[in-house]
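Read the structure below first, then the notes.
The values are calculated or read from the model by the stated rules, or taken from the named source; none is laboratory data. If you're wondering where the values come from, they're calculated on a predicted model, not measured in any experiment. Note that we place each Cβ from the backbone using ideal geometry, even for glycine, and neighbour counts take in every protein chain shown.
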Amino acid sequence: MIDPHGIKMHRITVIGAGFAGLTAIRQYRKLSKDVEITLVSPRDELHYLPGIIWIPSGLRKRDDLVVPLGNYFKRMKVVFHQGSVTGLSEDGRTVQTDTGEVSNDGLIIASGGRFIKKLPGIEHAITPCEGIDAAEKIRDRLNEMNSGTIAVGFAGNPNEPSAMRGGPMFEFLFGTDTLLRKQGRRDKFKLVFFSPAPKPGNRLGPKAVESLLKEMKQRNIETHLGHKMKGFEQNKVKTEGGEFDADLIMFMPGMTGNTWFDNSPLPRSDGGLIKANRHCKVESMERVYVAGDSGSYPGPDWMPKQAHMADLQAKAAAKNLAGELNGTSTDATFKVELICIVDSNDKGILVSRTEQKNLMLPGSIVFHWMKRGFEWWYLRQYR
């Protein structure tokens, strides 16, 4: 593209309208006003998934968590290409979609991950982090039920230790318990937490594991831990350590790469994600970067797949791509940092972890309101 002064403008393509993609755009615009940025995504909306934990209780509704991005695109001067990515050319310069091709001089991949749905009968479980529809389904099922057993659990990707999302499952577990107690019908339900990990939540740190298991005991939540998953039936959870009945199953499997990665030259980790270095540059490719859940990065095995981490990676990716295109520095990295509030609808446990320290503060209503306040603060930049 040529600007009004006859100077060639670089064309940047960003894949994905989630946290990493939108942060990459904002960061790139801080660095350069004179680039053409195209965002490729099936929808021009941000779905704020951290807030779906409050949908079953009614604290949040769909409209609270869906942010139309038209205003943001206008402010950032973004060209929106609506479509689903189907592949990538060998040199990375052409993104193939079901609505046409998009050419670029530099690419940032922020298309998220995909949940592994290989366990037999997994269709009988609801995967909450698949989106707002899933959270609404949980809400409706809870409203329909008068009694029964509710099973909540998660697993990982054995070939990619960081490719799991366990934190939200603790929130759905504790939030469901809180909701049933407030409704005065907790005594009619049995809650069971299950995971193949003997110490679930270990990625949050040893203090967090102890605190979470203690919280379950105090809430009279049964546990089924340390047994490899075998599958599900319509009303049953099956593991190598036995099986148990469940009327409602919420389960978060491990994550892997998007299906379109298979139709690309992108190098893959053993777990199916895109191999990148600590600068978020995709290995063996020029001017191609990755941020967020799509990537496999060097670092500790507890490196989180969460919005905060995606934002940090996106900033590094944007800085380094700009540097590569402009012939300047490409040494930006990201801090490996886990920050989360495990919320239970009326209080929250604060957990923080870096490579130097691990902090866990017990449940408090203050942290619940901090989480709600952060949501407002974060989303306003996209409204």
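Can you tell me which of 333, 328 is among the hydroxyl-bearing types (Ser, Thr, Tyr), closer than 30 Å to residue 8 by Cα and surrounded by fewer than 13 Cβ atoms within 10 Å (Cβ to Cβ)? It would help to see each step written out before you state the result.
On the way: 333 fails: surrounded by fewer than 13 Cβ atoms within 10 Å (Cβ to Cβ).
None of the other options fit; the residue is 328.
Quick grid of which residues meet (1) touching a Phe, Trp or Tyr at 6+ places or on another chain (Cβ under 6 Å); (2) assigned to a strand (DSSP E or B); (3) at pLDDT 95 or above:
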site: 140; (1), (2), (3): no, no, yes
site: 143; (1), (2), (3): no, no, yes
site: 146; (1), (2), (3): no, no, yes
site: 149; (1), (2), (3): no, yes, yes
site: 164; (1), (2), (3): no, no, no
site: 170; (1), (2), (3): no, no, yes
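Could you check segment 351-366 and list, in sequence order, the residues that are surrounded by fewer than 19 Cβ atoms within 10 Å (Cβ to Cβ) and within 16 Å of residue 174 (Cβ to Cβ)? Break it down into steps so the answer makes sense when it comes.
So the first thing to find is which residues in segment 351-366 are surrounded by fewer than 19 Cβ atoms within 10 Å (Cβ to Cβ), and the list is 352, 354-359, 361-362, 364-366.
If the condition is that a residue be surrounded by fewer than 19 Cβ atoms within 10 Å (Cβ to Cβ) and within 16 Å of residue 174 (Cβ to Cβ), then 361, 362, 364, 365 are the ones that fit.
Only one of (1) assigned to a strand (DSSP E or B); (2) outside the structural domain of residue 90 (by TED's automatic domain parsing); (3) farther than 24 Å from residue 343 by Cβ; (4) free of Cβ contacts under 8 Å to residues at least 40 places away in the same chain fails for residue 223. Which number is that?
With (1) assigned to a strand (DSSP E or B); (2) outside the structural domain of residue 90 (by TED's automatic domain parsing); (3) farther than 24 Å from residue 343 by Cβ; (4) free of Cβ contacts under 8 Å to residues at least 40 places away in the same chain applied to residue 223, the lone miss is (3).
Which count do you get for residues in segment 360-373 that are hydrophobic (A, V, I, L, M, F, W, C) and either assigned by TED's automatic domain parsing to the domain that holds residue 299 or without any contact (Cβ under 8 Å) to a residue 24 or more places away in the chain (or both)?
Taking segment 360-373 and keeping what is hydrophobic (A, V, I, L, M, F, W, C), we get 360-361, 365-367, 369-370.
Next cut, either assigned by TED's automatic domain parsing to the domain that holds residue 299 or without any contact (Cβ under 8 Å) to a residue 24 or more places away in the chain (or both) only: 361, 365-366, 369.
Selection size over segment 360-373: 4.
Checking the structure you have, find out if any residue of segment 201-223 is polar (S, T, N, Q), closer than 30 Å to residue 94 by Cβ and either at pLDDT 95 or above or crowded, with 23+ Cβ neighbours inside 10 Å (or both). If you could, list the steps in order and put the result at the bottom.
Initial filter on segment 201-223 (polar (S, T, N, Q)): 202, 211, 218, 220, 223.
Imposing the further condition that a residue be closer than 30 Å to residue 94 by Cβ reduces the set to none.
No: segment 201-223 contains no residue that is polar (S, T, N, Q), closer than 30 Å to residue 94 by Cβ and either at pLDDT 95 or above or crowded, with 23+ Cβ neighbours inside 10 Å (or both).
Please count how many residues of segment 234-252 are part of a strand (DSSP E or B), more than 12 Å from residue 150 (Cβ to Cβ) and within 28 Å of the chain's Cα centre (by Cα). Give the steps one after another, and end with the answer.
The initial filter retains those residues of segment 234-252 that are part of a strand (DSSP E or B), namely 236-239, 242-245, 248-252.
Still in the running and more than 12 Å from residue 150 (Cβ to Cβ): 236, 238-239, 242-243, 252.
Still in the list and also within 28 Å of the chain's Cα centre (by Cα): 236, 238-239, 252.
Matching residues across segment 234-252 total 4.
If you go through segment 49-56 one residue at a time, do you hit one that is touching a strand residue (DSSP E or B) at 6+ places or on another chain (Cβ under 8 Å) and either among the small types (Gly, Ala, Ser) or exposed (fewer than 15 other Cβ atoms within 10 Å of the Cβ) (or both)?
no
Does segment 31-58 hold any residues that are of a type in the set (A, V, I, L, M) and within 21 Å of the chain's Cα centre (by Cα), and which are they? Explain how you work it out, then say what you get.
Going residue by residue through segment 31-58, those that are of a type in the set (A, V, I, L, M) are 31, 35, 37, 39-40, 46, 49, 52-53, 55.
Selection gives 39, 40, 46, 49, 52, 53, 55.
Can you go through 123, 90, 101 and tell me which one is under 21 Å from the mean Cα position of the chain (by Cα) and either at pLDDT 95 or above or assigned to a strand (DSSP E or B) (or both)? Reasoning before the result, please.
Numbers: 90 fails: under 21 Å from the mean Cα position of the chain (by Cα); 101 fails: under 21 Å from the mean Cα position of the chain (by Cα).
Being under 21 Å from the mean Cα position of the chain (by Cα) and either at pLDDT 95 or above or assigned to a strand (DSSP E or B) (or both) holds for just one of 123, 90, 101, which is 123.
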